[in-house]
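Structure, as structure tokens:
The values are calculated or read from the model by the stated rules, or taken from the named source; none is laboratory data. All of these numbers come straight from a predicted model, not from anything done at the bench. All Cβ positions, glycine included, derive from the backbone under ideal geometry; neighbour counts span all protein chains shown. Heavy atoms of the whole protein, side chains included, go into the accessibility calculation; ligands, DNA and RNA do not. Shrake-Rupley method; radii C 1.70, N 1.55, O 1.52, S 1.80 Å.
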Amino acid sequence: VEREVPFALDSLPELRLALRNPDFTTAQRMAAAINARIAGAPARALDSTTVRLAVPAAYRGRTAALLSEIEQLPVEPDNPARIVIDERSGIIVIGDKVRISRVAVAQGNLTVRITETPQVSQPNPLAGGETVVVPRTNVEVDTEPERKLVVLETGATLDALVDGLNALGVGPRDMIAIIQAIKAAGALQAEIEVM
């Protein structure tokens with residue numbers, strides 16, 4: 001006759017925390033957040049789905065207290081650059097990490113030029129702030145018939161391209177075709193998910 005042994009969470013020397021959406025960056029951020037909160041650096045990302053947490057001596061026999069200490073820690077998940085397209089309804093949703101490499105685009109007599117001019121913002125020396133690079137994106141749209149091709153510079157965001165196309169009144173179907181063509185050319189740094 002086998003005897004059922006009750007599971008004792010408080011007797012475990014370590015816990016393994018599983019991420020719902022596997023991602024190496026998120027796992028690393030999660031381990032870093034735990035280590036910043038709990039003394040002794042007890043957490044370590046094992047892979048894209050698992051963070052190993054050694055139960056510190058102060059929490060032995062109090063595993064629930066340890067879990068309640070870490071469960072509300074803010075961790076920003078790393079989201080992939082993604083564009084979701086619903087061709088039937090013409091809906092396009094663009095994530096904020098989407099970038100375009102240098103590429104030339106032409107559509108009919110439409111020309112779109114996107115330039116990225118980073119500027120440095122430096123605080124007053126006594127203010128105690130940080131020097132940061134601030135992107136400045138300029139979108140120019142031309143409908144002159146003699147212009148046939150435009151070059152998009154590296155680092156331009158796809159939302160800047162879409163803003164330019166929207167200003168001209170380009171419809172969602174044409175926008176979807178342009179986005180897919182940029183992806184086919186290998187210049188779109190994002191996943192495209194077509195619904």
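Taking the criterion of being modelled with pLDDT of 75 or more and closer than 27 Å to Asp78 by Cα, would at least one residue in the stretch 130-149 satisfy it?
yes
Quick one: in the stretch 17-37, of everything that is free of Cβ contacts under 8 Å to residues at least 40 places away in the same chain and among the charged types (D, E, K, R), which residue is nearest to Asp78 (Cα to Cα)?
Among residues in the stretch 17-37 that are free of Cβ contacts under 8 Å to residues at least 40 places away in the same chain and among the charged types (D, E, K, R), the one nearest to Asp78 (Cα to Cα) is Arg20.
Give, as residue ranges, the strands (runs of 3 or more DSSP E) completely inside the stretch 47-110 that count at least 1 residues that are open to solvent by less than 80 Å² (accessible area, probe 1.4 Å), within 30 Å of Arg37 (Cβ to Cβ) and in contact with an Asp or Glu (Cβ under 8 Å, 6 or more places away or on another chain).
On the way: elements: 50-54, 82-86, 91-94, 103-105.
Hits in the stretch 47-110: 50-54.
Against the condition at pLDDT 65 or above, aliphatic (A, V, I, L, M), closer than 16 Å to Arg82 by Cα and touching a helix residue (DSSP H, G or I) at 6+ places or on another chain (Cβ under 6 Å), how does Leu188 come out, does it pass?
yes
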